[in-house]
Each structure stands twice: as structure tokens, then as C-alpha cells.
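Enquirer: Below you will find the structure I want to go over with you.
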Amino acid sequence: MARRTMPVVTSLVAGAALLLTACGSGGSEDSSDKIEGAGQGSSKPSASPSTDGEGPDVSVPKDLKLIFDFSKPSDPKHAAAVDNAANYIRALKHGIAQQDADDPAYKYYSSAQAAKYAKTQINTWIKGGWVPTGTDRYFKSEATELGDGKAVLVTFCRNQAKSFSKDIKGEKIHYGKESLDSYQKYSVLMSPPQGDAKVWKAQTIEVQGRVKECRG
């Protein structure tokens, strides 16, 4: 079996409404998507620091390559939101590689539904006995300001055709072929720093599968 399939819950709109009316204090139900993996659970992650210079380690094992072909917005707020949406994905992958559902990395870059999503994803990989390997590419990013600057919606595509899951025991890699299933679209609602938070954080996430516009 080449792909690890998980249910998708599209709760972004509800989460956005809560964020804009309650300053991010509200959440929404858990959601999960297909995330194909990297590195073995026992291997140490490569020593690369968080891209914001202050945050937790979000490095991943050497057999996993995360590629972010993102355009840098001219607006500083949008740029910060896009950068930390990428860090949220890095943190999620770091948690999976570490096999730690309470990893501090994803908690630093997310809260509310997005944090629940990350924990659910990591737990699914832990229960399955898998870790990710290969090349995971994210591209075609866009940033849209919402609620008079109270949030920025960051969208981007993903090509997971060369990203696979690997059994921790035995290290068997579950390869798959590129198809429409390889392409997804992410919508991540980011909120600006509030209180003790020093970075933009993911509040809600929606993942759409089999997205033709990402394939093209």
C-alpha cells in the first residue's frame, strides 16, 4: 500500500469566523489529510535552525526534503504569515519524524484547530508505525488579508508524488506513482502575534485533495 489515507474535514470557514470574532480564541473540529513521510523514527534530524531565528527546532531527517517554492509578498505582514505557514508544515513534519504528538514545534507555530490537526496527524503516523521519506514539495503560495488585518489566509499547493511513508520497523518504503492524488491545496488561516506569541500562528487548516489546478 503506497499511500496513507486519512479523512479530510473542511472546517476552515467556521474556524475563520471564530478567529475574526474572538481574536483567535475559538477553535473547530479536528481535521486530517494525507501526509506522506520521511526519515526513520530512530534517525536524528539534520541540524538546521528554525527559519524565524528564535523558534524551536523544525529540522527533519536527511532522507526527507521539504521544498517550499513560495513567492515572498511585498507586504511585511503577508510575508510573515507565509513564512510561518511554511514553518507550521515544517513543525508538523518534525513532530512526525520525532514520533512525538506533544512536540513543542507545532505548538509554537499553531493553536486552535490547526494545533489539533497537527496532533491528530502525528498520532496517526505513530499508531501506524510510519515516518515520511522522500521529497515533499509545496508551491504556488498566495496571501489574502482578512478582517482588517486580523488574519491572513495563506494558500498553497502540494505535490507529494515523491514523498512516501516508511515503516519504522524494517524500514520498508511504500512507493507510489504520480497521479491526481499527488496534488493537494492547503488553506491556512494565520493570525498575527498576540500576547506572548512572537510569531504569526496557524489557526485553522483545510486540505483539499485531487486538485487539478495544482497539477497544472
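Enquirer: Within the stretch 53-155, list the GluC sites (Glu not before Pro) lying in a DSSP loop whose Cβ has at most 14 other Cβ atoms in a 10 Å radius.
Expert: Passing both the DSSP loop test and the Cβ count: GLU54.
Enquirer: Another question, then. Would you list the P(r) distribution for the stretch 134-203, with all Cα-Cα distances sorted into 5 Å bins from 0 and each bin expressed as a whole %?
Expert: The distribution over the stretch 134-203 is 4, 14, 17, 16, 13, 12, 11, 9, 4, 1, 0, given as percents.
Enquirer: As a test of reading the structure, rank THR144, THR120 by solvent-accessible area (1.4 Å probe, protein chains only), most first.
Expert: Ranked list, largest accessible area first: THR144, THR120.
Enquirer: 7 Å from Cα along Cα→Cβ at both TYR175 and LYS212: what's the point-to-point distance in nm?
Expert: 3.0
Enquirer: So which of LYS150/LYS212; LYS72/LYS198; LYS93/LYS177; LYS116/LYS185; LYS62/LYS185 end up more than 28 Å apart by C-alpha?
Expert: Violating the 28 Å limit, Cα to Cα: LYS150/LYS212.
The values are calculated or read from the model by the stated rules, or taken from the named source; none is laboratory data. What you are looking at is a predicted structure, and each value in this text was computed from that prediction instead of being measured. Backbone-built Cβ (ideal geometry, glycine too); neighbour counts: all protein chains shown. Areas reflect the complete protein model, heavy atoms only, side chains present, ligands, DNA and RNA absent. Shrake-Rupley method; radii C 1.70, N 1.55, O 1.52, S 1.80 Å.
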